[in-house]
Amino acid sequence: MPLDDWELWACAQQVIKQHGAKAPLHVAARIAELATEGDADGVQAWQAIAARVDQLMDYRTGRPLSRQ
């Protein structure tokens, strides 16, 4: 069953909280693991999480975007 949009955002925020500037690397590794295992649904979910991590990260500083 696919994750709801809010769940994908929550996952992205949790990944950033746990991995900080290395969040994109963690997500990429997870996608690779799932692809190797043949888990197409998992790959799709983590690709959606990756897109949200991208939107939440400030790549100039390697930190999450701050709310101002």
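In this structure, is D41 at pLDDT below 95 and part of a helix (DSSP H, G or I)? Criteria not met by D41. For first residues located in the range 25-50 and over 20 Å from Q14 (Cβ atoms), partners that are at pLDDT 95 or above and lie 6+ apart or on another chain with Cβ distances below 6 Å form the pairs A35/V43. So L34 clears everything in (1) within 15 Å of V53 (Cβ to Cβ); (2) surrounded by 12 or more Cβ atoms within 10 Å (Cβ to Cβ); (3) hydrophobic (A, V, I, L, M, F, W, C) except one condition, right? Which one? That leaves (1) as the condition not met.
Limited to the range 1-16, what total is found for residues that are part of a helix (DSSP H, G or I) and in contact (Cβ under 8 Å) with a residue 40 or more places away in the chain?
6
Can A21 be described as modelled with pLDDT under 95 and in a helix (DSSP H, G or I)? When the stated conditions are applied, A21 passes them. Reported count of residues in the range 1-18, each being at pLDDT below 95 and closer than 14 Å to Q47 by Cα, is 2.
The values are calculated or read from the model by the stated rules, or taken from the named source; none is laboratory data. These numbers come from a predicted model, not from an experiment. Note that we place each Cβ from the backbone using ideal geometry, even for glycine, and neighbour counts take in every protein chain shown.
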